[in-house]
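Encoded as structure tokens, the structure appears first; notes follow it.
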Amino acid sequence: MSEIQNAGNNVQVNNGDLLVFVGLSEENSDALKYSHLFSSLAASAEYFPTTEGQQWFQAYLKTMESCGWLPVKFSYVKEAASAQNFSVKNLLVKAVKAGLGYATGGASMVSSLVSVASDAVDTVAQSPEAVALLDRLNAEKEGTSLSIAVCTQQANGEVMLSVGCIQSSESPPDKSSFLVFEWSSSHSDSYTGAAALTFHRGLYDTVKSTLIQRVGDKSKNDVLTKPIEPKKRP
Amino acid sequence: MHTKRFSLVLSGNCLLLLSADLDDQQRQDAIDAHLFCWLNASAEFLLLSENQQWHGTYMDRHTGLGWVVSATGERINVETATVPFTPLAIAWHGLGSLPASLLPTLNAALTMIQALPETHPALQALGAEALERTQAPGVKPVTRIALELRVVLPGLKVLASSVFLETHQCLERQWLTQPLEIEEVSRQVTRNFTGELFPDVFAGIRTLLETRLEPLRAMYVMPLNVREDSL
């Protein structure tokens, strides 16, 4: 995983998505990583994120809920054609802002965390390694999809996650940076999804071993049954 | 904390660059976790003549063993920008986002690989797995190459890059570092992935894996006998 430090916040490119951690304990950070990864994989097993964005996002949230991340509110909207141009960054930040609005209602908190999300995208955009990674991840996809998750831990221990995602029928041209890619609304359909989730540590703890076990059982089965004698060349 | 030293081990068609900060168990895990995936993919498909299917199986086995793959990439095009345009340089170029702090020692490791004599037993073994030349009546001979480089850091964290090539060029014994003629290359696929081993999952299969691989390990795994201190 690619990790970049930004003003004390941890930004991670995980399975092609951006995760931003604000003040999370290591334990909760691991919980987010594994829940997000498991949920992304589960959603991608059923839907293509670039062409079935809404179904993918709903499947992702449903799996996250099973992992202990309980959705407070959720939206998935088509971006209005009145906007002249879209950019990946602007849509992501807008989606995160919507998710945070569902979760907190506190204007100063929303403003602060939206700023964190915006800075995180800038940080990644300014990191040649992370941009190269994202460009490689998205180079072969049809259309565009990306999600960002901002996770915060309050002083009282409460953990909130705001997830924003975009889906567009447009793809960036070769050799351009995905994060600063802009496109016109007149030639494409673009959607943003937003959700706020609260973390229920107790629920996660009850499924954590199952998550590991599910992967673990498959691993044992593979190790015991898969052939390991190389084929002979003709 | 990296001490910026690496040792080199051949496993199948993969050159593993193992951080000297790995303990003995981690080194063993890194080698076994690669070898199993390589052997199973090679049991189901031919690395050189069924490469697309081979690679799909290879990556599936990684996930199955508990590798959390956080990034994958694949490009199918003849990349002319790699200088020099050699199999080793193309694979190296594909590693891309290496931590800057490790670059000097990794570049030193690359130089060491380039300096190995073509008669080195590990290079002979690599050539046997990674290279083939086929000739059908009335058709220009084709040489296929499949090579992977894998940097293993404590964690276990891995950055891997591989290249699959088809060329009509006749390659010599020093094929690894031989400049390729671009106009003769008919197919080039470069792939990379970043991942880390899910320790809780791997702990449950470590002993099974070691037992199953025991009779085969010596046939496919070979150190390159380069002193770690020199890297």
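Per-residue shielding of A:55-63, expressed as the average number of other chain Cβ atoms within 10 Å of the residue Cβ, stands at 0. Using the average count of surrounding beta-carbon atoms within 10 Å as a protection proxy, the listed peptides B:118-131, B:149-162 rank, highest first, as B:149-162, B:118-131. For the stretch B:40-56, accessible area lost to neighbouring protein chains reaches 20 Å² or more, against the chain alone with a 1.4 Å probe, at B:40, B:42, B:43, B:44, B:46. The spread of Cα positions in chain B, taken along each principal axis and listed from longest to shortest, comes to 54, 37, 32 Å.
A crude spin-label estimate for the pair residue B:25 and residue A:233, with each label 7 Å from Cα along the Cβ direction, gives 4.0 nm. Packing around the peptides B:87-96, B:103-112, taken as the average count of other Cβ atoms within 10 Å per residue, puts them in this order, highest first: B:87-96, B:103-112.
What does the accessible area per residue of the stretch B:108-166 come to in Å², with a 1.4 Å probe and no ligands, DNA or RNA counted?
Per-residue value: 39 Å².
Here is the interface size for B with A: some 3400 Å² of accessible area buried, both sides summed, with a 1.4 Å probe. Once both axes come from the Cα atoms, what is the angle between helix B:24-44 and the longest principal axis of chain B, in degrees from 0 to 90, rounded to 10? In chain B, helix B:24-44 runs at an angle near 40 degrees to the longest axis.
For residue B:140, the accessible area of its heavy atoms, probed at 1.4 Å with every protein chain present, is near 120 square angstrom.
Rounded to 0.05, the FRET efficiency of the residue A:72 and residue B:100 pair, given R0 = 41 Å and the Cβ-Cβ distance, is 0.50.
In this label model, residue B:83 and residue A:198 are separated by 6.0 nm, measuring between points 7 Å along each Cα→Cβ vector. Each of the peptides A:57-69, B:185-197 was scored by the mean count of other Cβ atoms within 10 Å over its residues; in descending order, highest first, they stand as A:57-69, B:185-197. Partner shielding of B:183-195 amounts to 1, given as the average count of beta-carbon atoms from other chains within 10 Å of each residue beta-carbon.
Quick check for you: which residues of the stretch B:7-37 have the amide N under 13 Å from the point 7 Å beyond the Cα of residue B:43 toward its beta carbon? From the stretch B:7-37, the list is B:35-37.
Could you give the length gained by full extension between residue A:30 and residue A:206, i.e. 0.36 nm per residue of separation minus their alpha carbon distance, to one decimal place? Please report the intermediate quantities before stating the final value.
Details: separation 176, 0.36 × 176 = 63.36 nm, distance 1.50 nm.
Value of the extension gain: 61.9 nm.
Potential lengthening of the chain between residue B:210 and residue B:60 amounts to 52.0 nm, from the contour at 0.36 nm per residue minus the alpha-carbon distance.
The values are calculated or read from the model by the stated rules, or taken from the named source; none is laboratory data. Everything numeric here is computed off the predicted structure, so don't read it as measured data. Glycine gets a Cβ as well: all are built from the backbone with ideal geometry, and neighbour counts include every protein chain shown. Ligands, DNA and RNA are excluded from the accessible area calculation, which covers all protein heavy atoms including side chains. Shrake-Rupley method; radii C 1.70, N 1.55, O 1.52, S 1.80 Å.
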